[in-house]
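The values are calculated or read from the model by the stated rules, or taken from the named source; none is laboratory data. Just so you know, these numbers come straight off a predicted model, no measurement behind them. Cβ atoms come from the backbone with ideal geometry, glycine included; neighbour counts cover every protein chain shown.
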Amino acid sequence: MKSAEAIKYILGEQVKSYKMLIALLQRERTSLIDLRAADVEELSKEKDTLVLQLRLLEEERVRLMGDFSDGTTLKNLAELTGDIGISDLRSTLISLVQSVEELNEFNRVLIERSMTYIRNTANFFGVFGLSSGGSSRTGSIFSVET
């Protein structure tokens, strides 16, 4: 397989993987909103695997790009080869990466708000003398004698 065709293949695989990542991030957002912690944990594992796959694909793409010359970009490669498919894949990847960044930011905000809610709730219970372990510091009315 020629280097340019191999690069197109890798770009195509990256596009597929980024689309899968976007789907995972959308599912994660839904799980965060619905407060389904187990789902969020499972999706996190899937994301880790997918990100590793994307990292390997990127390393292979960079290695293949080195066959042309150091510092060659996808834009330059498309111009050099006259292959509009490379240019289209580049544009698609840029769009997908921007979508991933936006979804990540949205999910980050959801997680931060959840953490703030948890902290505030813990502080609220602290006002009544309940520690985080559920025991009472001051002999609260919530303690049960055994």
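Out of all the residues in region 43-66, is one or more in a helix (DSSP H, G or I), surrounded by fewer than 12 Cβ atoms within 10 Å (Cβ to Cβ) and touching a residue at least 40 places away in the same chain (Cβ under 8 Å)? Checked region 43-66: no residue is in a helix (DSSP H, G or I), surrounded by fewer than 12 Cβ atoms within 10 Å (Cβ to Cβ) and touching a residue at least 40 places away in the same chain (Cβ under 8 Å).
With the requirement that a residue be outside any loop (DSSP other than H, G, I, E, B), more than 27 Å from residue 24 (Cβ to Cβ) and either touching a Lys or Arg at 6+ places or on another chain (Cβ under 9 Å) or polar (S, T, N, Q) (or both), what does region 67-99 give you? Those that are outside any loop (DSSP other than H, G, I, E, B), more than 27 Å from residue 24 (Cβ to Cβ) and either touching a Lys or Arg at 6+ places or on another chain (Cβ under 9 Å) or polar (S, T, N, Q) (or both): 75, 76, 77, 78, 81, 87.
In this entry, residue 33 passes the filter for residues that are of a type in the set (Val, Ile, Thr) and closer than 16 Å to residue 108 by Cβ.
For region 1-32, give me each residue that is more than 14 Å from the chain's Cα centre (by Cα) and of a type in the set (D, E, K, R). If the condition is that a residue be more than 14 Å from the chain's Cα centre (by Cα) and of a type in the set (D, E, K, R), then 2, 5, 8, 13, 16 are the ones that fit.
State whether one or more residues within region 69-79 are more than 21 Å from residue 48 (Cβ to Cβ) and touching a residue at least 40 places away in the same chain (Cβ under 8 Å). Yes, some residue in region 69-79 is more than 21 Å from residue 48 (Cβ to Cβ) and touching a residue at least 40 places away in the same chain (Cβ under 8 Å).
Is it true that residue 121 is part of a helix (DSSP H, G or I), surrounded by 14 or more Cβ atoms within 10 Å (Cβ to Cβ) and of a type in the set (S, T, N, Q)? It is false that residue 121 is part of a helix (DSSP H, G or I), surrounded by 14 or more Cβ atoms within 10 Å (Cβ to Cβ) and of a type in the set (S, T, N, Q).
Can you name the residue in region 67-98 that is hydrophobic (A, V, I, L, M, F, W, C) and exposed (fewer than 12 other Cβ atoms within 10 Å of the Cβ) and is also nearest to residue 7 (Cα to Cα) among such residues? Walk me through it before giving the result.
Of the residues in region 67-98, the ones hydrophobic (A, V, I, L, M, F, W, C) are 68, 74, 77-78, 80, 84, 86, 89, 93-94, 96-97.
Now restrict to residues that are exposed (fewer than 12 other Cβ atoms within 10 Å of the Cβ): 84, 94.
Numbers: 84: 13, 94: 16 Å.
My answer is 84.
Note on region 97-143: residues that are modelled with pLDDT of 75 or more, among the charged types (D, E, K, R) and farther than 30 Å from residue 16 by Cα total 2.
Looking at 35, 77, 64, just one residue is under 24 Å from the mean Cα position of the chain (by Cα) and either closer than 30 Å to residue 118 by Cα or not β-branched (Val, Ile, Thr) (or both), and that residue is 35.
Output the residues belonging to region 90-123 that are of a type in the set (Gly, Ala, Ser) and touching a residue at least 60 places away in the same chain (Cβ under 8 Å). It would help to see each step written out before you state the result.
Narrowing region 90-123 to residues of a type in the set (Gly, Ala, Ser): 91, 95, 99, 114, 122.
Within region 90-123, 99, 114 meet the criteria.
State whether the residues of region 29-37 include one that is buried (at least 16 other Cβ atoms within 10 Å of the Cβ), assigned to a helix (DSSP H, G or I), without any contact (Cβ under 8 Å) to a residue 40 or more places away in the chain and not aliphatic (A, V, I, L, M). Within region 29-37, one or more residues are buried (at least 16 other Cβ atoms within 10 Å of the Cβ), assigned to a helix (DSSP H, G or I), without any contact (Cβ under 8 Å) to a residue 40 or more places away in the chain and not aliphatic (A, V, I, L, M).
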